[in-house]
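The values are calculated or read from the model by the stated rules, or taken from the named source; none is laboratory data. Since this is a predicted model, take the numbers as computed values, not measurements. Note that each Cβ is placed from the backbone with ideal geometry, even for glycine, and that neighbours are counted across all protein chains shown.
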């Protein structure tokens, strides 16, 4: 039980920051390109409570983490945040600007992964202590969580960010039919997840990205 409590404590801050930065980035870039929907609803904020979904951000991840820790000995996380509202029709150039609004979330996660790597580098340069050891564990989680969130969101599947980016780049007619997948996107993602197909697709990209970050910071 102590391991579970410690695990939740180490995961909590990186997960909350990853979600908060991801969603706030969408709203900020949408505002930059002319859509003030998120701004008017107070969603361009680093306050985690603005972006936390009680079920998707708290209940589901904690439950899965505890169950997987008790059954297979390794913590497994899956969840979602409250999406930032974006009215793409308010953008100055909706189809073109949608690309940058969608890309902002994964870009924020990559920046967060670099930030955690920098803190990791600072911690290993400090004298070893309980604090630095815990921070190193938290930094490791921070890098992994942000890279995983980035890679998953880059999948070309609506309503994921990668799906929005693909719709922005596709010709209008193809984009119209492609967007019709969106109501079934989460179901498709869950099927891919539990069938093992998702892991086979994303883990090579996740591993390569983490290795690249470790190489840049020599950690």
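With respect to the conditions (1) in contact (Cβ under 8 Å) with a residue 40 or more places away in the chain; (2) within 20 Å of residue 103 (Cβ to Cβ); (3) surrounded by fewer than 16 Cβ atoms within 10 Å (Cβ to Cβ), residue 148 lacks only one, and its number is (3). Evaluation of residue 16 against the conditions (1) out of contact with any helix residue (DSSP H, G or I) (no Cβ under 6 Å at 6 or more places or on another chain); (2) within 14 Å of residue 112 (Cβ to Cβ); (3) modelled with pLDDT under 90 shows that the sole unmet condition is (1).
Taking first residues from the stretch 194-219 that are in contact (Cβ under 8 Å) with a residue 60 or more places away in the chain and on the phi > 0 side of the Ramachandran plot and partners that are surrounded by 12 or more Cβ atoms within 10 Å (Cβ to Cβ) and assigned to a helix (DSSP H, G or I), the Cβ contacts under 9 Å between residues at least 6 apart in sequence or on separate chains come to 218/121. Got at least one residue in the stretch 122-133 being surrounded by 19 or more Cβ atoms within 10 Å (Cβ to Cβ) and out of contact with any strand residue (DSSP E or B) (no Cβ under 9 Å at 6 or more places or on another chain)? Yes, some residue in the stretch 122-133 is surrounded by 19 or more Cβ atoms within 10 Å (Cβ to Cβ) and out of contact with any strand residue (DSSP E or B) (no Cβ under 9 Å at 6 or more places or on another chain). When the residues of the stretch 25-47 are filtered to those that are farther than 18 Å from residue 93 by Cα and surrounded by fewer than 19 Cβ atoms within 10 Å (Cβ to Cβ), the one that is farthest from the chain's Cα centre (by Cα) is 40.
Whenever a residue of the stretch 53-72 is over 17 Å from residue 16 (Cβ atoms), its partners that are in a helix (DSSP H, G or I) and modelled with pLDDT under 70, lying with C-beta atoms within less than 6 angstrom and at least six residues away or across chains, give the pairs 66/4; 69/4. When the criteria are applied in full, residue 125 fails the requirement of being within 21 Å of the chain's Cα centre (by Cα) and either over 30 Å from residue 190 (Cβ atoms) or touching a residue at least 60 places away in the same chain (Cβ under 8 Å) (or both). Note on the stretch 50-154: enclosed helices (runs of 4 or more DSSP H) holding 1 or more residues that are at pLDDT 85 or above and over 27 Å from residue 33 (Cα atoms) are 94-124, 130-153.
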